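The values are calculated or read from the model by the stated rules, or taken from the named source; none is laboratory data. Computed from a predicted model, the values in this text were never measured in an experiment. Because the Cβ atoms are built from the backbone with ideal geometry, glycine has one as well, and the counts that use them run over all protein chains shown.
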There are 2 protein chains.
Amino acid sequence: MSRHALSQSTPARGVAAPRRVLIVGGVAGGASCAARLRRLDESVEIVVFERGPHVSFANCGLPYYVGNVIADERSLLVASREMFRTRFNVDVRTETEVTHIDRRRRLISVRDGRSGNEGVERYDALVLSPGAAPVRPPLPGVDLPGVFAVRTIPDTRRIRSWIAEQQATRAVVVGGGFIGLEMVENLVQRTLAVTVLEKLPQLMPPLDPEMATALSEHLGARGVRLHLGDGLAQIEAGDGGDLIVVAESGARLPADLVILAIGVKPETALAKTAGLPLGPRGGIVVDAQMRTADPHIWAVGDAVEVPDILTGQETVLPLAGPANRQGRVAAEAIAGRATRFRGVQATAVVGVLGLTVASTGASEKGLRRAGVEQFEKVYLHPGHHAGYYPGAQPIHLKLLFSVPDGRILGAQAVGAAGVEKRIDVIATAMQFRGTVHDLAEAELCYAPQYGAAKDPVNVAGMLAANVLAGDMPVAAWSGLARTDAVVLDVREPDEFAAGHIPRAINLPLSQLRSRYGELPPDRELYVCCEVGQRAYYAIRFLTQRGYRARNLSGGYTTYKALRASGLTP
Amino acid sequence: MSRHALSQSTPARGVAAPRRVLIVGGVAGGASCAARLRRLDESVEIVVFERGPHVSFANCGLPYYVGNVIADERSLLVASREMFRTRFNVDVRTETEVTHIDRRRRLISVRDGRSGNEGVERYDALVLSPGAAPVRPPLPGVDLPGVFAVRTIPDTRRIRSWIAEQQATRAVVVGGGFIGLEMVENLVQRTLAVTVLEKLPQLMPPLDPEMATALSEHLGARGVRLHLGDGLAQIEAGDGGDLIVVAESGARLPADLVILAIGVKPETALAKTAGLPLGPRGGIVVDAQMRTADPHIWAVGDAVEVPDILTGQETVLPLAGPANRQGRVAAEAIAGRATRFRGVQATAVVGVLGLTVASTGASEKGLRRAGVEQFEKVYLHPGHHAGYYPGAQPIHLKLLFSVPDGRILGAQAVGAAGVEKRIDVIATAMQFRGTVHDLAEAELCYAPQYGAAKDPVNVAGMLAANVLAGDMPVAAWSGLARTDAVVLDVREPDEFAAGHIPRAINLPLSQLRSRYGELPPDRELYVCCEVGQRAYYAIRFLTQRGYRARNLSGGYTTYKALRASGLTP
């Protein structure tokens, strides 16, 4: 037994023997658990084992350290071993790997990464917070010098050094998700020419494809080259000391630096070896108190499966917020408090070169994958604040909701400003199982710099409520190519002339009341304008005149996004 | 009878006689009602009577037109008569005053402001949206040239002209509420030297005084002179063609321009004369469908009393968001739809010279006024995003919650960034009667530029939950002067030396575990740090060691605000 285990076999301070809680992993969930547990129970002994050199570092800040936006590495150290010791009386052992769990005897085997010494540690409660590791596909060349993942401070230190030493000017980022996009921003910030290679035909996999097009266009306009719908085949060493990223299509992308940001997978080796059950998504199975199948072992963070609050289905969601909450819940459970992790809803945001992309809840493709069919959606493109105040930027917003009860299922938003605020509000409504009617009635901050008398959130709710009430039937964009409906564009002629859906006919809203008789009374009308508002007005008029009319939700703006994403011809 | 009334006595278009809906007031609530009603019912005749020259203008933008931030007056015109006619088939008559309601015969008397012609109009349904008028106290000099209120576009046009013609360099703004502060910003923007005269000893009356100090300090630092706790006595014409604002204290404030922004009062003359009941707050009494005591008359907007969702008590809340929603509800009710106005919660925001002030729900003084005693509060000062990412700005946040159930009662926030987002999230939780536990568990957008793994909203909820659980008893700041508790400051010595609560003793958290024996075991401890976090950690340790300890919530930062607002010595 190790020195520490022995020292604890004798109860200290003449009180009842303190319980001994060991935590494996000292970032996010693990650090949160340690700090919370200490606040709840002064008597328990807490030891944190962290494989890396740092405890509680800001892993979400790593890309910005590469970009030199965060210039001082020390900024990333949220807490130190010393702070854990003096502030929380928590013993943190960095560069110490936990190699084995002996569940029967409640012992873990640990190895000091510096000395190589091994030992065992006794626990009353064990918390696993191993996190998730970047996926490193078993492809030729992924271990070549100059190919990096982004998980730890040493990782980013190596990238910084490589850029400096190699005077790198070209980077390929493999993977267009959160980390990939944050790396794009920061490599552009370092003036590298950046190419993104993404296997899916879109960036940001959590979004529906048509919502990702604004992002693609934005990156394209900023000089980022996008190579979508093409996977990584291998990486070759070029002649001049550079790298060639070879795509599955055969495309060859030269680079001085390659970032692998394909995703992460739960680090479950330790749990698996110990015989703890893993779930269908590959994460450690836990209950609502974050306890594994072993009553003495808890698990938190990126490595566990947790229920999605919408579907109740288990999911793996590698995000810092939920990890922190889970760490707190585990601490509360260990301290004997009533507690419960409420599940996750996948609220997330990423900023890329001035654009913000945020989402919460389910995507349309996620709903379809899950077999959910009773839902509807609206698109809108409101300004992020009142239009009469200068500087309003459009927010492209998609709201998914259940039919007929109107429960909010998910939302996605893209824009230059005010984006994550709207997603946060919708996420909060979803937390309460709110409906689109609740969004319509939300009373939010309004002054002209901040919002509108009808905030984008209100408008989204109102549009959806119109759909539910039958006041604004929506057309399926996906059926546009096949329908025999007349596509009616109610914008003004100059707008129509500047671009329109190929089959559309033009009859401006301003003339509709006097000219509606020109429309074929027996044909269904798919009505379209720039963003959907005038089409809605037209539909209200037309349906009351006996026409069958549907809104092409989001109007020509959404059409362009759908076309760009290949979802409509 | 007028031409219009006559023309409608003959049913048009060979269908059942359309109902005739008249709307008095064409801004916010009235305009909203007209547009919504048309969408719901194509057959009804809708006429809007607006006393002023403009329909549906952006009254919330008026201060910014004075400041030339909105340079083109036409930007303020959200909709025109023409647009109402072509888009909605709504007949808008501007510069037309409604002078009388004959409820028995369902007639209103109208006067054309240009021709002076009078007439009567028949209604099936009448909607009153008269708004609220700036309070103009009956004091000497309030009608002098150069003294202005800010309600209409012509008002602001006159202010702009006056500034230009008089080459005004000094302004006194009477009233430090929303409009007053927005005028301060815009007059400073026009390079005028601005003095604020406010009768209360604080700016922004909806806030609690200690939350307004950050605002006062910010304005002071930007050169705005504040004359608080002193009312307006009269305004005199000075010798040089200037004005002298004389305060109740006798102070004489010279000015080239005076803005009266003392508040507004519901425009209820028409309703009152018609015998419609007014409520205790002076507004028109309506039901949840916005219907007055007369089954043919609805009322919406700043002139009505509506229930506060927290207290259920009727209140008058002159805000554009609720006015718009009320207009919609009235339209839905008139169209025979099931509808209900859910009440108001007083969510509001104002931006002043780079600072954002926002609030929702009740203030502490409001709760005390209402006789509510079972509540508690926490103060916090988190960064608006993760501290490791450059540029985090503090948000000063106060959360009020019910004891013991934790229901959120209100929140106030002040800071340079991310302020209204947090208030919007808390407002949304309040809409669902959420608790502080819900805030602790909220899953919000996190990337380092946008928030933190524990968002300020989460932290507020966690702190409040700690109070409810008894883990962090809070001390009453108001009792600090009288208590015999020991004030313990757990910051580091250099922080303590830079300023502290007069009676405080210093024992840093980093030394607490080794030195706590120095503390008197029989005395209560009021524990303080910079913002409250370290004090919380100390309290958790101390209470588990048998001490009685309470947190001076918000720490020395809140102490300074309380001292500045005179709430503690």
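The residue of the range A:451-463 that is nearest to B:ALA427 (Cα to Cα), among those that are within 9 Å of chain B (Cβ to nearest Cβ) and among the aliphatic types (A, V, I, L, M), is A:VAL457.
Among the residues of the range A:415-439, those identified as more than 7 Å from chain B (Cβ to nearest Cβ) and surrounded by fewer than 22 Cβ atoms within 10 Å (Cβ to Cβ) are A:ALA416, A:ALA417, A:ARG433, A:THR435, A:HIS437.
Give B:GLN313, B:GLN412, B:GLN374 a once-over and let me know the one that is under 19 Å from the mean Cα position of the chain (by Cα) and surrounded by fewer than 20 Cβ atoms within 10 Å (Cβ to Cβ).
Values: B:GLN412 fails: surrounded by fewer than 20 Cβ atoms within 10 Å (Cβ to Cβ); B:GLN374 fails: under 19 Å from the mean Cα position of the chain (by Cα).
None of the other options fit; the residue is B:GLN313.
Only one entry in B:ALA535, B:ALA498 is modelled with pLDDT of 95 or more and either in contact with a Gly (Cβ under 8 Å, 6 or more places away or on another chain) or in the same structural domain as B:LYS454 (by TED's automatic domain parsing) (or both), namely B:ALA535. For B:LEU317, the conditions (1) assigned to a loop (DSSP other than H, G, I, E, B); (2) more than 10 Å from chain A (Cβ to nearest Cβ); (3) touching a strand residue (DSSP E or B) at 6+ places or on another chain (Cβ under 6 Å); (4) not charged (D, E, K, R) are fulfilled apart from (2).
Going by the structure shown, is A:GLU530 within 27 Å of A:GLN412 (Cβ to Cβ), in a loop (DSSP other than H, G, I, E, B), away from every other protein chain (no Cβ under 12 Å) and acidic (Asp, Glu)? The answer is yes for A:GLU530. All conditions but one from (1) part of a helix (DSSP H, G or I); (2) in the same structural domain as B:TYR389 (by TED's automatic domain parsing); (3) under 19 Å from A:ARG39 (Cα atoms); (4) of a type outside the set (A, V, I, L, M) apply to B:ASP438; the one that does not is (3).
Return yes when A:ALA233 is out of contact with any Ser or Thr (no Cβ under 6 Å at 6 or more places or on another chain), surrounded by 23 or more Cβ atoms within 10 Å (Cβ to Cβ) and of a type in the set (Gly, Ala, Ser) and no when it is not. When the stated conditions are applied, A:ALA233 does not pass them.
Take B:ALA453 and decide whether it is crowded, with 17+ Cβ neighbours inside 10 Å and in a helix (DSSP H, G or I).
No, not satisfied.
Considering (1) within 9 Å of chain B (Cβ to nearest Cβ); (2) touching a helix residue (DSSP H, G or I) at 6+ places or on another chain (Cβ under 6 Å); (3) in a helix (DSSP H, G or I), the lone condition that A:PRO448 does not fulfil carries the number (3).
Looking across A:GLY175, A:GLY141, A:GLY180, A:GLY131, one residue alone is surrounded by fewer than 20 Cβ atoms within 10 Å (Cβ to Cβ) and under 28 Å from A:ARG51 (Cα atoms). It is A:GLY141. Residues being over 25 Å from the mean Cα position of the chain (by Cα) and either surrounded by fewer than 19 Cβ atoms within 10 Å (Cβ to Cβ) or among the basic types (Lys, Arg) (or both) are represented in the range B:47-54 by at least one member. Every condition in (1) part of a helix (DSSP H, G or I); (2) without any contact (Cβ under 8 Å) to a residue 60 or more places away in the chain holds for A:VAL55 except the one numbered (1). Of everything in the range A:174-233 that is within 14 Å of chain B (Cβ to nearest Cβ) and among the charged types (D, E, K, R), the residue that is farthest from A:ASP143 (Cα to Cα) is A:GLU185. Of everything in the range A:464-519 that is over 37 Å from the mean Cα position of the chain (by Cα) and acidic (Asp, Glu), the residue that is farthest from the other protein chains (Cβ to nearest Cβ) is A:ASP484. Taking B:ASP302 as the residue in question, decide whether it is under 30 Å from B:GLY176 (Cβ atoms), of a type in the set (Asp, Glu) and crowded, with 24+ Cβ neighbours inside 10 Å. Judged against the criteria, B:ASP302 is a match. Restricted to the range A:490-535, and to residues there that are polar (S, T, N, Q) and within 18 Å of B:PHE88 (Cα to Cα), the residue that is surrounded by the fewest Cβ atoms within 10 Å (Cβ to Cβ) is A:SER514. Flag: A:SER129 matches the condition of being touching a helix residue (DSSP H, G or I) at 6+ places or on another chain (Cβ under 8 Å), touching a residue at least 12 places away in the same chain (Cβ under 8 Å) and away from chain B (no Cβ under 11 Å). For the range B:489-519, a residue qualifies if it is among the acidic types (Asp, Glu), assigned to a helix (DSSP H, G or I) and touching a Ser or Thr at 6+ places or on another chain (Cβ under 9 Å), but none of them does. Given the criterion assigned by TED's automatic domain parsing to the domain that holds B:LEU552, of a type outside the set (Asp, Glu) and in contact with a Cys (Cβ under 9 Å, 6 or more places away or on another chain), identify the matching residue among B:ARG491, B:ARG503. Of the residues listed, the single one that is assigned by TED's automatic domain parsing to the domain that holds B:LEU552, of a type outside the set (Asp, Glu) and in contact with a Cys (Cβ under 9 Å, 6 or more places away or on another chain) is B:ARG491.
Could you please let me know if A:LEU519 is within 24 Å of B:LEU40 (Cβ to Cβ) and free of Cβ contacts under 8 Å to residues at least 40 places away in the same chain?
Taking the combined requirement at face value, the residue satisfies it.
Just one residue in the set A:GLY546, A:GLY566 is under 34 Å from the mean Cα position of the chain (by Cα), among the small types (Gly, Ala, Ser), surrounded by fewer than 18 Cβ atoms within 10 Å (Cβ to Cβ) and not in a helix (DSSP H, G or I); that residue is A:GLY566.
Can you say whether A:ALA255 is touching an Asp or Glu at 6+ places or on another chain (Cβ under 8 Å) and modelled with pLDDT of 95 or more, as far as the supplied structure shows?
When the stated conditions are applied, A:ALA255 passes them.
Taking the range B:332-354 as the range and being more than 8 Å from chain A (Cβ to nearest Cβ), more than 24 Å from B:ARG36 (Cα to Cα) and surrounded by fewer than 22 Cβ atoms within 10 Å (Cβ to Cβ) as the test, the residues that pass are B:LEU353, B:GLY354.
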